[in-house]
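Have a look at the structure below before the remarks.
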Amino acid sequence: MAVLDAIIRACLIYEFKLGTKAAEACRKICAAFWEGTIAERTGQKWFKKFSFGNENLEDEPEKSGRPSIVNNEDIKLAIEQDSSQTFQDLALRFNVCDETIRLHLHQLGKRWKLSKWVPYELSETNKLQRLTICSSLLSRHNLVPFFDRMLTCDEKRIMYYNKKRTFHWLASNDPVPMTPKPSIHQQKVLLSAWWTTSGIVHYELVPSGQTITAEIYSAQLDRVSVALHQKQAALTNRKGIVFHQDNARPHTAKITPETLACLQWEILPHPPYSPVRAPCDYHLFLALDNHMRNRQFRNREDLENEIIQFFSHQTQDFYKNGIYQLVSRWEKIILAEGDYYSE
């Protein structure tokens, strides 16, 4: 190994132990000697080697003859420690070629999948809260079912332009169909909807440019109460309302519980950091999204008429099934010990 190479590698391991990034270490070395002394890619390769605990500064021997022995159990243990390692990372770690790693991962039934976004990074306290609330709700439902007394709600933005890109079966020389990209400032309305197992109780399209505040939400609740007395009087007169909403700020602001207390509605707890665990999100609005797919509306009136038509064409079983799905979703959160689970 040449003297300069030995000095550069010593500098690299020095910077690695200081916690410097590979790119920054290479810039420092090039500044100290001359531009191009070491390529960033080379520095990254050495840093990767150091991260596996290999601090040998000598060149690795050329791979020839019979390859190094590696078995499925070794690979399995390595990816259990860190499942985000690439083929190249594992090949460097076990001193084998990429194709050998690929073969072993295939034998283990492993597939390279992208991680999923979740709404929030849950703390242990958050997980305990979710577990406790879901366990309590499930126990209560099993003891005295209450879904037929339940009123739920949420808000969603509905676009005037709902065109989506679509897949097509094409030959290699066929032109690919084009879909115009929607404007980032396209028109939309904010839909608020309240419903029970019997169907839609009340909905509102919030005026353009307006958002839901605690004051607006409380005024909406008063109008919902009137609609309930008109459409489902038995629910308000004899059974009593069990009201479900998520933990959005207007739903939890001080004025909202005061309004609900005046209406004498019981508030059902909702697991924290669970925006897609409400029946509107996983059922009603999901179905509405599918219905609106590839539709385009000229004005607010056309859009509202389509929403009315969608609501009116759904059977009572549609609304009932949406709320009763809460049972399986509570069970999944309990099985996941309060953590997020894969759909």
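The values are calculated or read from the model by the stated rules, or taken from the named source; none is laboratory data. Remember, predicted model here, so these are calculated numbers, not experimental data. Reconstructed Cβ throughout: ideal geometry from the backbone, glycine too, with neighbour counts over all protein chains shown. These area figures cover heavy atoms from the full protein model, side chains too; ligands, DNA and RNA do not enter into them. Shrake-Rupley method; radii C 1.70, N 1.55, O 1.52, S 1.80 Å.
Among the residues of the stretch 200-239, what is the count of those that are closer than 22 Å to Gly322 by Cβ and open to solvent by 50 Å² or more (accessible area, probe 1.4 Å)?
The number of residues fulfilling the criteria is 3.
Output the residues belonging to the stretch 240-265 that are among the polar types (S, T, N, Q), part of a loop (DSSP other than H, G, I, E, B) and crowded, with 19+ Cβ neighbours inside 10 Å. Write out each step before concluding.
Our first condition is that a residue be among the polar types (S, T, N, Q); within the stretch 240-265, this holds for 245, 247, 252, 256, 259, 264.
With part of a loop (DSSP other than H, G, I, E, B) added as a condition, the list becomes 245, 247, 264.
If the condition is that a residue be among the polar types (S, T, N, Q), part of a loop (DSSP other than H, G, I, E, B) and crowded, with 19+ Cβ neighbours inside 10 Å, then Gln245 is the only one that fits.
I need every pair where a residue in the stretch 184-197 that is open to solvent by 20 Å² or more (accessible area, probe 1.4 Å) has its Cβ under 7 Å from the Cβ of a residue that is assigned to a loop (DSSP other than H, G, I, E, B), sequence separation at least 6 or different chains.
Final answer for the pair search is Gln186/Tyr160; Gln187/Tyr160; Lys188/Tyr160.
Yes or no, residue by residue, for (1) open to solvent by 60 Å² or more (accessible area, probe 1.4 Å); (2) modelled with pLDDT of 85 or more; (3) of a type in the set (Ser, Thr, Tyr):
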site: Ile29; (1), (2), (3): no, yes, no
site: Glu35; (1), (2), (3): yes, no, no
site: Gln44; (1), (2), (3): yes, yes, no
site: Lys49; (1), (2), (3): no, no, no
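The conditions are (1) touching a residue at least 60 places away in the same chain (Cβ under 8 Å); (2) of a type in the set (D, E, K, R); (3) surrounded by 13 or more Cβ atoms within 10 Å (Cβ to Cβ); (4) not in a helix (DSSP H, G or I), and Arg277 fails exactly one of them. Which is it?
(1)
Suppose we keep only residues that are among the β-branched types (Val, Ile, Thr) and closer than 16 Å to Ser192 by Cα within the stretch 280-320. Which one would you say is least open to solvent (accessible area, probe 1.4 Å)? Show your work before the answer.
Step one: of the stretch 280-320, the residues among the β-branched types (Val, Ile, Thr) are 307-308, 315.
Now narrow it down to the ones that are closer than 16 Å to Ser192 by Cα: 307-308.
On the way: Ile307: 0, Ile308: 72 Å².
Out of the qualifying residues, it is Ile307.
Taking interchain pairs and intrachain pairs at least six residues apart, which have beta carbon atoms under 8 angstrom, with the first residue in the stretch 104-133 and touching a residue at least 60 places away in the same chain (Cβ under 8 Å) and over 24 Å from Gln88 (Cβ atoms) and the second open to solvent by 80 Å² or more (accessible area, probe 1.4 Å) and of a type in the set (Asp, Glu)?
If the second residue must be open to solvent by 80 Å² or more (accessible area, probe 1.4 Å) and of a type in the set (Asp, Glu), the pairs left are Lys127/Glu337; Leu131/Glu337.
Could you go through the stretch 100-108 and let me know if any residue there is closer than 22 Å to Ser51 by Cα and either at pLDDT below 85 or open to solvent by 70 Å² or more (accessible area, probe 1.4 Å) (or both).
Yes - at least one qualifying residue is present in the stretch 100-108.
Of everything in the stretch 111-128, what is buried (at least 17 other Cβ atoms within 10 Å of the Cβ) and either assigned to a loop (DSSP other than H, G, I, E, B) or modelled with pLDDT of 95 or more (or both)? Give them in sequence order. Spell out the reasoning first.
Quick first cut of the stretch 111-128, residues buried (at least 17 other Cβ atoms within 10 Å of the Cβ) only: 122, 126-127.
Matches in the stretch 111-128: Leu122 only.
Yes or no: Val201 under 22 Å from Phe285 (Cα atoms), more than 26 Å from the chain's Cα centre (by Cα) and aliphatic (A, V, I, L, M)?
On the way: under 22 Å from Phe285 (Cα atoms): yes; more than 26 Å from the chain's Cα centre (by Cα): yes; aliphatic (A, V, I, L, M): yes.
Taking the combined requirement at face value, the residue satisfies it.
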